[in-house]
Structure formats: C-alpha cells, structure tokens
Amino acid sequence: MIGNIFEKEPHVFWQETAPAGTYGTAPPEGHRIFFPASLPDGGQLALPIRELADGQSALASLIVNQASFEVVDRLATALAGLASPFSPDVVVGLPTLGLTLAAPAARNLGHSRFVPLSTSRKFWYREDLSVPLRSITSPDQTKRLYLDPRMLPLLKGKRVLLVDDVLSSGTSILAGLRLLKLCGIEPVAIGAAMLQTMRWKEALEQEESGLSERVIGVFRTPKLTRHPGGGWQPETLDKSA
C-alpha cells in the first residue's frame, strides 16, 4: 500500500518519518520503489530508489531541500547529537544541499550562525580562497568552491564541523576539506545526513590516513543490486561500490 502511494505521488518522499518497523528491511522479492533507511532513534525514512545506467544497480536518494521542515529538523537534530562529542565551535556548510542541513544543525548545537561556502563568486572573493568542485549528481559541470574572505576570522583557531547533505563518492567533501586547508583549517569532524555506500571512505583515506574516522552520518544506505524477484537488494558486503 505504501509503495503504491509513493509510485503514484512521488512528491511525498522525504515528507515524514515512520515509526520503527513500519517498513520491512528485507522483503522477499527485494525493495520496490523505495528503500527504508533507519534513523538513530529507530525511525524510518523512505528514500526513492534511483536506477543507475547499467540497469543492474541502484542507489537510495535523498534531496534534503525537497524534504519537509519536520524531516530536515529531525535529521539536523540527530546530526547535532552525533557532532556534540567533537565540541565544534562553528559549522561550515557545503553548497548547495549541505547548506539546508548545516544551518539547523548549527542551531541545534547552540550556535548563533554558521559559515556557508559558495559556488557563486562575489566580486570581493579571492581566487586563492577557492578550489575546483565537481558533484557526482552533476558530473559534467565543474565549478569553483569559494570561502568569503570576511568569514576567515570566524574559523581561525576554531573547532570546525564541515557539513554536507550526502557523502557518496567523496568528491564534494574533499573539495571542502581542501578549501579549508588553504585557510589553515582542519575540521574536527565531517557530518552528513546520509552516507551513501562506502565509496567516500577510500577517497578520504587516499587524501589523508585516518580522515574517514572523523566522519559522522545520521544514516547509511548501501548500493542496491537486482533481486531475482525483480526488486532491489543491498549489495553483498557493500565493500566500496
């Protein structure tokens, strides 16, 4: 019944969370239409399944700026709870979707503001405070990621939490890390709502050994493969793909 609702009304995704146990985690013929992600408090969030070009694999999707305020607040509250042990002084958000999560996460940590990075170059920005940025969802577009130089005093000597909406390939978060490194800043933690597969871990470890150990995520989703019954199932072991 739930699956039929999502099939007919795709805009209802990400609008509410469900109590623990609402959705089956291992349906006999695989997941259809959506994959249920488990939140730290046991609640479930139905994520649409996006089939990849090979026709045999798929990913669960989260577009956080299309989510309801209730869902965003719940994700931000959970992320703030996970980040609290790192005692961050300031939250830095990655554009575009990471900004939607970073602001309420900072508020939940008791901060009065956060620092947004940008792909839109204002005339007072400096090229030496920018790095190339490419997103996995827009692989043909290369932009530049900027830090407003006026924000530097907010970051210098501070414990920084770098936030994006999703960690997938690791490309976007690495751009953020490299930009902060140009400013002499090394985040104490890296946060996201969704850790999509484990591909990001290898990318971060290639950048710096032990970097992946500072990653926190509200929930994790695996790569999905075709189930013999026609649906989708988590890839066996889900090592790195």
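The values are calculated or read from the model by the stated rules, or taken from the named source; none is laboratory data. Worth saying up front: this structure is predicted, and the values here are computed from it rather than measured. Note: ideal-geometry Cβ built from the backbone for every residue, glycine included; neighbour counts use all protein chains shown. These accessible areas exclude ligands, DNA and RNA; they are computed on the full protein's heavy atoms, side chains included. Shrake-Rupley method; radii C 1.70, N 1.55, O 1.52, S 1.80 Å.
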Q: Give me the accessible area per residue for the chain, probe 1.4 Å, as a whole number in Å².
A: 49
Q) Tell me, what % of the accessible area of the chain is carbon and sulfur with a 1.4 angstrom probe? A) 52
Q. For the chain, what does -39500 (n - 2.57) per DSSP helix run (n ≥ 4), summed and divided by total residues, give at 222 nm, in deg cm²/dmol to the nearest 500?
A. -7000 deg cm²/dmol
**Q.** Residue among 75, 93, 43 farthest towards the positive dipole end of the chain, charges placed on Cβ
**A.** 93
Q) Counting only the backbone N, which residues of region 158-184 are under 17 Å from the spot 7 Å out from the Cα of residue 235 toward its beta-carbon? A) 167-171
Q: With +1 on each Lys and Arg Cβ and -1 on each Asp and Glu Cβ, and nothing else charged, work out how big the dipole of the chain is about its Cα centre, in Debye to the nearest 20.
A: 720
Q) Ordered by residue, what ³J(HN,Hα) values in Hz, to whole numbers, does region 9-19 give under the Karplus form 6.51 cos²θ - 1.76 cosθ + 1.60, where θ = phi - 60° and Gly and Pro are x? A) 10, x, 6, 7, 4, 6, 9, 7, 9, 10, x
Q) residue 31's amide H: which non-local residues (gap 5+, or another chain) put their own amide H closer than 5 Å, with H modeled 1.01 Å from N in plane and none for Pro or chain starts? A) 232, 233
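Would you work out the charge dipole size for region 4-121 about its Cα centre, treating the Cβ of every Lys and Arg as +1 and the Cβ of every Asp and Glu as -1, and quote it to the nearest 20 debye? Intermediate values should be presented prior to the final figure.
Details: 7 positive and 10 negative charges, 77 e Å.
It works out to roughly 380 debye.
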Q | Pairs of lysines in the chain (C-alpha under 15 Å apart; 8 or more residues apart or interchain) | A | 6
Q) Which stretch or stretches of region 26-70 have amide N atoms under 15 Å from the point lying 7 Å from residue 226's Cα along the Cα→Cβ direction? A) 30-31, 51-59
Q. Going by average Cβ neighbours within 10 Å, how do the peptides 44-57, 96-109 rank, with the highest at the top?
A. 96-109, 44-57
Q | Nearest 10 degrees, 0 to 90: helix 69-83 Cα axis against the chain principal axis | A | 60
Q: State the percent of C-alpha pairs, over all pairs in the chain, separated by a distance greater than 34 angstrom.
A: 16
Q. In percent, what relative contact order does the chain have, based on Cα pairs under 8 Å that are 6 or more apart in sequence?
A. 20
Q) Taking 0.36 nm per intervening residue step and subtracting the Cα-Cα distance, what contour gain separates residue 124 from residue 112 on full extension? A) 1.9 nm
(Q) Run the simple label-point estimate for residue 38 and residue 77 please: 7 Å along Cα→C-beta, distance reported in nm. (A) 2.1
